[in-house]
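Report on one structure; see the data block that follows.
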Amino acid sequence: MRVLIAPDCFGGTLSAPEAAQAMADGWHASAPDDELVLRPLTDGGPGFVDVLHTVLGGTLHTLEVTGPLGEPVTATWLEHDGTAYVESAQANGLHLVPKADRRPLDATTRGVGELMVAARDAGVHTIVVGLGGSATTDGGQGMLEVAAPMLDAASTSPAVDWPKIIAATDVENPLLGPHGAAHTFGPQKGASPQDVDELEARLEAFSAGKGPHLRDQPGAGAAGGLGFGLFLLGATRVSGAGLVRDLTGLDKAMATAQLVLTGEGSFDWQSLRGKLVTSVASAAAERGLPCLVLAGQVSVGRREAAAAGIEAAFAVVEHAGSVDAAFADPAGTLAALARHVASQWSA
């Protein structure tokens, strides 16, 4: 049996490549004769560089940049065939800030600009910036202070020439308004209702004069408005999941598969709103392939899962016996679940 394994990361515990390997280890323990094809995925958020390096190879460049609260953090960007892949979350990610220390009014994207400048100075012809999982809501202002210091409120043209820039994100939110960066994503970054109003006012003031065609452009509100800042540098937007899907050859791998496994940390109602797991399931359904979800936790009912093209969903926590057991050994408990599922599904 040919099995395609294409998970997202398991938030805070396993990267997508680690999750794919754990699934493969468990599956092979039960079905050693099955052919497994691993295609770890990401939508541009945390794990973007890790996934692409696993698939593409290339050269990793590591440097110290400014973290979301001004502290130094170590970040890595990938160079492959003249293109730089920058994961914004490595410099401004929410995972870099302990919950008790979250200060959304102070968080900056400056480190993202430092990563981009390093890539530009290396002579690449294209910079792809993966967006998602940010702690920031500064509209990309911190990034622009580094990447385009002469850009002012009356200008929409940076003083420094940049290579082609691509913003990779599946978020379509505009910069401002009830569906914008502050109102939609601010609360999950620790913003109180008063903070959200303040962040909205700052974004409004910062973007004044930039033109509604940029503020309202789909993706302008991605990563706390970093999408807007990148648009000021002339960036174009692409689907992060679609980009990774193309680069990893997911469709080609799916064409010869007989079963598809995907997964993420929590398979919940948000998963049904176009996240990676349901994107994989939809692609599998188009080809008449059964798709299984292995997730840390599952709160989607069978009927809803079936409507999304998912044959069955399995929870690591349920199989491991408790949340504590699952978190104590994320790879081991995921592998154990995969072994159990293989015993039922391997032909």
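Here are a few things to note about the model shown:
- Residue match in segment 251-258 (condition: crowded, with 19+ Cβ neighbours inside 10 Å, touching a residue at least 60 places away in the same chain (Cβ under 8 Å) and not assigned by the TED database to the domain that holds residue 121): yes
Listed here are the residues, each with its yes/no results for (1) farther than 15 Å from residue 16 by Cβ; (2) of a type outside the set (Val, Ile, Thr); (3) modelled with pLDDT of 90 or more.
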site	(1), (2), (3)
234	yes, yes, yes
242	yes, yes, no
258	yes, yes, yes
263	no, yes, yes
279	no, yes, no
300	yes, no, yes
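- Failed condition for residue 322, given (1) surrounded by fewer than 18 Cβ atoms within 10 Å (Cβ to Cβ); (2) under 25 Å from the mean Cα position of the chain (by Cα): (2)
- Unmet requirement for residue 291, which otherwise passes all of (1) at negative phi; (2) without any contact (Cβ under 8 Å) to a residue 40 or more places away in the chain; (3) out of contact with any strand residue (DSSP E or B) (no Cβ under 9 Å at 6 or more places or on another chain): (3)
- Meets criteria (within 22 Å of the chain's Cα centre (by Cα), outside the structural domain of residue 169 (by the TED database) and among the aliphatic types (A, V, I, L, M)) for residue 276: yes
- Filtered residues of segment 178-201 (kept if touching a Gly at 6+ places or on another chain (Cβ under 8 Å) and either free of Cβ contacts under 8 Å to residues at least 24 places away in the same chain or over 17 Å from residue 102 (Cβ atoms) (or both)): 179, 180, 183, 196, 200
- If you go through segment 1-25 and pick out every residue that is surrounded by fewer than 24 Cβ atoms within 10 Å (Cβ to Cβ) and among the small types (Gly, Ala, Ser), you end up with 4.
- Being modelled with pLDDT of 95 or more, under 25 Å from residue 214 (Cα atoms), of a type in the set (Gly, Ala, Ser) and more than 17 Å from the chain's Cα centre (by Cα) is a description that does not apply to residue 130.
The values are calculated or read from the model by the stated rules, or taken from the named source; none is laboratory data. In this text the structure is predicted, and so the values were computed from the model without any measurement. Using ideal geometry, Cβ is built from the backbone for each residue, glycine included, and neighbour counts are taken over all protein chains shown.
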